[in-house]
Amino acid sequence: MISIKEMQKRVARKPERLDIKSCLRESNSMARGGDALSSINYLMISIFGILKIRDLTKPEKKVFHDDIYKVLGNIDLMPSVIEATQGEGSLITLLEQQGLRELFSKLQATVKVIKNLEKQALQLKAKEKVEKIKAALAGISKELGKGNVAAAKSKADRLLESNSNKKTALLEQVIEIFAEKQSLKGWWHYLQKRYNPESCTLEEARKCANQIAKIRSLDDPENAKNWYRNGLDFRLKIWELTLQEDSSDTDAVVEACYNLAICVYYMQDRVKGMAPRVFGRELIEKGLEFAPTSSHLKKMGKSFGVKG
């Protein structure tokens, strides 16, 4: 199948009978398939070609006209065309009464109306979808307000699954709702879905670590006791990226080193294959290379056995 744009160029340059036949065939095929705009566009190209060829014989004109009638028979029945031509009669009648030129003009106008109707339909659909999303987010908040965490997560999962193209933005809103309602389990669950400490940026890692630091005070002992572990991966990423991207900023290095050291201090598991105390000592020593006069790092270093 030759594209509409390519066929337009060919017919505008030098219309050939075979091109016109191809356009009429494609137009009929598109009409049967329910694609009103493509069908009309191919039909308009064929009409333009017929009007431009001066040496068409009467038998040829009759064949082309018969083919146009067949196409119009299908186009006239399409819902979008019926809506666009309400109260104006059929396209076949227009062809019979006023000829190809008037039909061509009417098809041009019909295309504009159909495009406008489709635009309005898309806008309405988008508005309805926004309202559904707002209602779903409100439903999640309501369930959390009643203490129904499982029901809230179920609604959140359905919302994310049905709006995969907006998943990132919706995850941000879901995370915010769970944080506002102080549902630590749900908040942490969706934060992990949104951000991967292995691949996040320095800004994203800082954002997550700061959120984890704020939420540690929530009254949920079972999970709050793990906030240092939860924040460790992001603090490690902050330290790594700060040295790569922001090492000239002494304050940023001290902050990244100090905050990671706090997490490591409360850790019982090994960190990067090392005992927490060993990792912490090497961490502080590295930080002091960038900020040798930092009182914060020197004080923290004593907890890990850093001399001096």
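The values are calculated or read from the model by the stated rules, or taken from the named source; none is laboratory data. It should be emphasised that the depicted structure is a prediction, and the values quoted were computed from it without experimental measurement. So basically every Cβ, Gly included, is an ideal-geometry build from the backbone, and we count neighbours across all protein chains shown. What goes into the accessible areas is simple: the full protein's heavy atoms, side chains included, and nothing from ligands, DNA or RNA. Shrake-Rupley method; radii C 1.70, N 1.55, O 1.52, S 1.80 Å.
Across the stretch 11-31, the qualifying residues are those that are surrounded by fewer than 17 Cβ atoms within 10 Å (Cβ to Cβ) and part of a helix (DSSP H, G or I), and the one among them that is nearest to the chain's Cα centre (by Cα) is S29.
Taking E143, is it at negative phi, open to solvent by less than 50 Å² (accessible area, probe 1.4 Å) and modelled with pLDDT of 90 or more?
Details: at negative phi: yes; open to solvent by less than 50 Å² (accessible area, probe 1.4 Å): yes; modelled with pLDDT of 90 or more: yes.
The answer is yes for E143.
For the stretch 250-296, enumerate the residues that are assigned to a helix (DSSP H, G or I), hydrophobic (A, V, I, L, M, F, W, C) and either under 23 Å from E203 (Cβ atoms) or modelled with pLDDT under 90 (or both). Those that are assigned to a helix (DSSP H, G or I), hydrophobic (A, V, I, L, M, F, W, C) and either under 23 Å from E203 (Cβ atoms) or modelled with pLDDT under 90 (or both): A252, V253, V254, A256, C257, L260, A261, I262, C263, V264, L283, F290. Selection within the stretch 86-101: residues that are free of Cβ contacts under 8 Å to residues at least 40 places away in the same chain and in contact with a helix residue (DSSP H, G or I) (Cβ under 6 Å, 6 or more places away or on another chain). The member of this set that is surrounded by the most Cβ atoms within 10 Å (Cβ to Cβ) is L91. The residue pairs whose first member lies in the stretch 139-163 and is closer than 20 Å to Q182 by Cβ, whose second member is hydrophobic (A, V, I, L, M, F, W, C) and loosely packed, with under 14 Cβ neighbours inside 10 Å, and whose beta carbons are closer than 9 Å, counting only pairs six or more residues apart or on different chains, are E143/A150. I'd like to check something: does the stretch 221-235 contain any residue that is surrounded by 15 or more Cβ atoms within 10 Å (Cβ to Cβ), aromatic (F, W, Y), more than 21 Å from Y190 (Cβ to Cβ) and modelled with pLDDT of 90 or more? The answer is no, given that none of the residues of the stretch 221-235 is surrounded by 15 or more Cβ atoms within 10 Å (Cβ to Cβ), aromatic (F, W, Y), more than 21 Å from Y190 (Cβ to Cβ) and modelled with pLDDT of 90 or more. For D55, state whether it is over 20 Å from Q98 (Cα atoms), outside any helix (DSSP H, G or I) and not hydrophobic (A, V, I, L, M, F, W, C). Yes: the conditions hold for D55.
Would you pick out the residues in the stretch 32-52 that are assigned to a helix (DSSP H, G or I) and of a type in the set (G, A, S)? Break it down stepwise before answering.
Of all residues in the stretch 32-52, those assigned to a helix (DSSP H, G or I) come to 32, 36-52.
The answer is A36, S38, S39, S46, G49.
In the stretch 171-193, how many residues are modelled with pLDDT under 90 and either under 22 Å from the mean Cα position of the chain (by Cα) or of a type outside the set (S, T, Y) (or both)?
Qualifying residue count, the stretch 171-193: 13.
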